[in-house]
Structure formats: C-alpha cells, structure tokens
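Colleague: Following this message is one structure expressed as structure tokens.
The values are calculated or read from the model by the stated rules, or taken from the named source; none is laboratory data. Fair warning: this is a prediction, and the values are worked out from it, not measured in the lab. Heads up, the Cβs are rebuilt from the backbone with ideal geometry, glycines too, and the neighbour counts pull from every protein chain shown. Side chains included, ligands, DNA and RNA excluded: accessible areas come from the protein's heavy atoms. Shrake-Rupley method; radii C 1.70, N 1.55, O 1.52, S 1.80 Å.
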Amino acid sequence: MPMPTNIPIIDTMLGVPEENQKGVYDFMRPLFRDAETIQSFDFPVQYLFKDFPKVDKQEDYITYTLKLMDQYWIERALTGVSLGNPLGNNNLAVKRHPDRFIAACGSDPNRGMEGVREIVRLHEEYGTKAVSAFSARAFRWRRKFSTRSTRSVGSFPNCASCSGTARNLGRRSP
C-alpha cells in the first residue's frame, strides 16, 4: 500500500539547521566522561545519531527546512526555542512561520523558579506549547533532593514544574 498523501504529519522535534551545526550540542560537552566521545566524535552526540545529516551552506536555512517539510508532507513541526539564542534559526522560524513551527523549550529542574520564569518568558515571546527536561541535568536535582520515599517517582519534579507553569499560563493542569 502506498504512503497516503492526505494525512498531515506533525514532526515532534525538528531542528532548523544552523551554519555551525556541530556547535548545537556543545552544551552537553561537560557531561562527557569517556575518551571516545571527547576525542574521536566529530559531533558530540554521534553515538545517538549515527547518520546525522550534513547540510550544505544555504542562503536561508528556514526556507530550506520548509521545502524539506513540504517534500515529506510535514504540515507542522515542534522546534526548540531559547532565550540564549534569539537569532537562532529555530527561534526565527517560530516567529516567521507560526503556522508551521510549534515552539517548545527545555528546562533544567535544578534552576527552580528561575527556570519557571524562563518558561513563562518563552511562552510570552514565542507561544511555547511544550516543555521538556533533559534527564542528565535532572539527575543532579533528583540525587540532591530525593529521599527513599520519593526516589520511585523519578521525573515527578519535572511534571510538578510543568503543572504549576500551566496554571500560571492560564491553562488548567491535569
């Protein structure tokens, strides 16, 4: 049976390429402990993404991404935005094409209310619809504050932060 063409696809995490694509995951470098990752990988998370696409230099990476989305029937895509890179292609894509790109952001539970305020600012500026927590960073929080009775809940602090934020953003939390 051929692939249906009348079903819209929502990509749940798409990154618009940047000119310096290798630098996108540099924030993870302090977490690396093994020699292979530190010394021999060209791309910091190469162990996860074996065939990371190499994108030739483009005049406009957002237009390039939209053409690929159209080619593969992707109607909309969730993409990460941040306050630290206001001119990053993901941020610009959400601003220029809110009908095609859905803003999402990452949050570090270790930052407490400072992190929650950042989520609110991102929602106000980009209309953020999703928040995720990077588990390697969240581990420090759980290790520092967990007790025997709370260890079994794992990511509960992340969910609690999101629920509180949802209320602050005018939505009912589950």
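Colleague: Largest first, how would Ile119, Ile9, Ile102 line up by accessible area (1.4 Å probe)? Walk me through the numbers on the way to the answer.
Modeller: Values: Ile119 10, Ile9 55, Ile102 30 Å².
Ranking Ile119, Ile9, Ile102 by accessible area, largest first, yields Ile9, Ile102, Ile119.
Colleague: Provide the solvent-accessible area of Glu18, counting protein heavy atoms only and rolling a 1.4 Å probe, rounded to the nearest 10 Å².
Modeller: 50
Colleague: Still on this model: Can you give the accessible area of Met3, probe radius 1.4 Å, in Å² rounded to 10?
Modeller: In the full protein context, Met3 sits at about 110 Å².
Colleague: A further question follows. Can you tell me the FRET efficiency between Asp60 and Ala35 if r is taken as the Cβ-Cβ distance and R0 is 41 Å, rounded to the nearest 0.05?
Modeller: Rounded to the nearest 0.05, the efficiency is 0.60.
Colleague: For Ile10 paired with Glu75, estimate the spin-label separation in nm (one decimal), with each label point 7 Å from Cα along the Cα-to-Cβ line.
Modeller: 0.9
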